[in-house]
Amino acid sequence: EIGTLSGFSAAVIADAVGQHQRPESESVVVDTIDLSQRCLTDQKKPVGFEIPQLVTHLSSRIRVHAGQDARYVEQIARAGELQLVFIDADHQHPRPTLDLIRVSRFVRPGGWVVVHDIDLGSLGERMRAAGTPFDYGAPFGAQWLFEAWPFEKISGGNIGALRLPSHVRDLVPFALAMLRIPSELEPIPTRRTLEAFFAAVVDLM
C-alpha cells in the first residue's frame, strides 16, 4: 500500500488476505508506506495508528514504513513478486502516475494496481458548486490516471483497478503521454517530481 494515513485500509486489506491464509501462518501480508511520520488527519498520532485497534490479531503481520515513498518498494519486494498494490497517497497530478510507475516493476505481469479517489476531482467540483468546500482539496491526479489508462480497468465508483500489461515497458508511451497534462503541483515540487518521473520511466526500459 502506498499512502498509509491512519492505517484503516491496510487493516482492511490484511483482514481480507488473512481470510485466505492458514491461521498458523506468520508471514507478513501487508506492507504500507507513507512519506509522512504523522497522520495527515491527526498530527498528534503516527501514521498507521489505527491498525492495532482495528485488527489486533493481525497487527504483527502489517509493516508500517513511515518516512518513505513508493521507491521503498524496491527494498522490500522482488521484481514481479507482488500480487496487489493499493495506491492512495498524494493525489496531485502527476504523483499518482509516478507511484504507479515506481511500483509496476514489482507487480506480477498482468497484475493489478488499485487506485483510490478516481472521482475525487469531479466530486470536489460538484461540492464547490453546491457551496461545500473540501477540507483537504480535491485534485484530479488519480481520476486522470484512471480515465487515461489504456489497458484493462474496472471502476467501482471512487475506487478503480488497473491491470498492468504483461511487459512493464509497454507503460512508457502512456507515462509520457500523462506528462502532457499540466501538473497540479507548485513549480518547485513540479520540477522535482518530473525529474523523479523520468528516472522511473527509464527504470521501466
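The values are calculated or read from the model by the stated rules, or taken from the named source; none is laboratory data. Here the structure is a predicted model, which means the values were calculated and not measured. As a convention, Cβ positions derive from the backbone with ideal geometry for all residues, glycine included, and neighbour counts pool all protein chains shown. What goes into the accessible areas is simple: the full protein's heavy atoms, side chains included, and nothing from ligands, DNA or RNA. Shrake-Rupley method; radii C 1.70, N 1.55, O 1.52, S 1.80 Å.
Numbers for the structure displayed
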| read-out | value |
| --- | --- |
| Label-point separation, residue 169 to residue 202 (7 Å along Cα→Cβ), nm | 1.7 |
| Hydrodynamic radius (Kirkwood) for the chain, which is based on Cα pairs only, to one decimal in Å | 17.6 |
| Most fluctuating residue given options 192, 38, 95, as computed from a GNM of the chain linking Cα atoms under 10 Å | 192 |
| Net charge of Cβ neighbours under 12 Å - reference residue 164; Lys, Arg +1; Asp, Glu -1 | +3 |
| Share antiparallel - DSSP beta bridges, the range 73-192, percent rounded to 5 | 60 |
| Top of 161, 130, 142 by mean-square fluctuation, Gaussian network on the chain, Cα under 10 Å | 130 |
| Cβ crowding within 10 Å averaged over residues, with 115-128, 53-66 ranked highest first | 115-128, 53-66 |
| Helix runs (DSSP H) in the chain reaching 24 Å along axis by Cα, Kyte-Doolittle at least -0.5 | 187-204 |
| Calculated FRET value between residue 154 and residue 192, using beta carbons and R₀ = 30 Å, to 0.05 | 0.40 |
| Sequence of 12, 30 when ordered by accessible area, the most exposed leading, probe 1.4 angstrom | 12, 30 |
| Theoretical gain in end-to-end length, residue 15 to residue 40 [0.36 nm per residue, Cα-Cα removed] | 6.7 nm |
| Added length on full extension, which subtracts the Cα-Cα distance from 0.36 nm per residue, residue 28 to residue 129 | 31.9 nm |
| Charge-dipole axis of the chain as Lys and Arg at +1 and Asp and Glu at -1 on Cβ define it, positive-most pick from 67, 104, 144 | 104 |
| Beta bridges per DSSP with both ends in the range 1-114, % antiparallel, nearest 5 | 15 |
| Placed amide H near residue 33: partners under 5 Å, 5+ positions off or other chain | 2, 3, 4, 65 |
| Counting DSSP beta bridges with both ends in the chain, the antiparallel % (nearest 5) | 45 |
| Distance between the range 123-199 and the range 70-91 - C-alpha centres, whole angstrom | 17 |
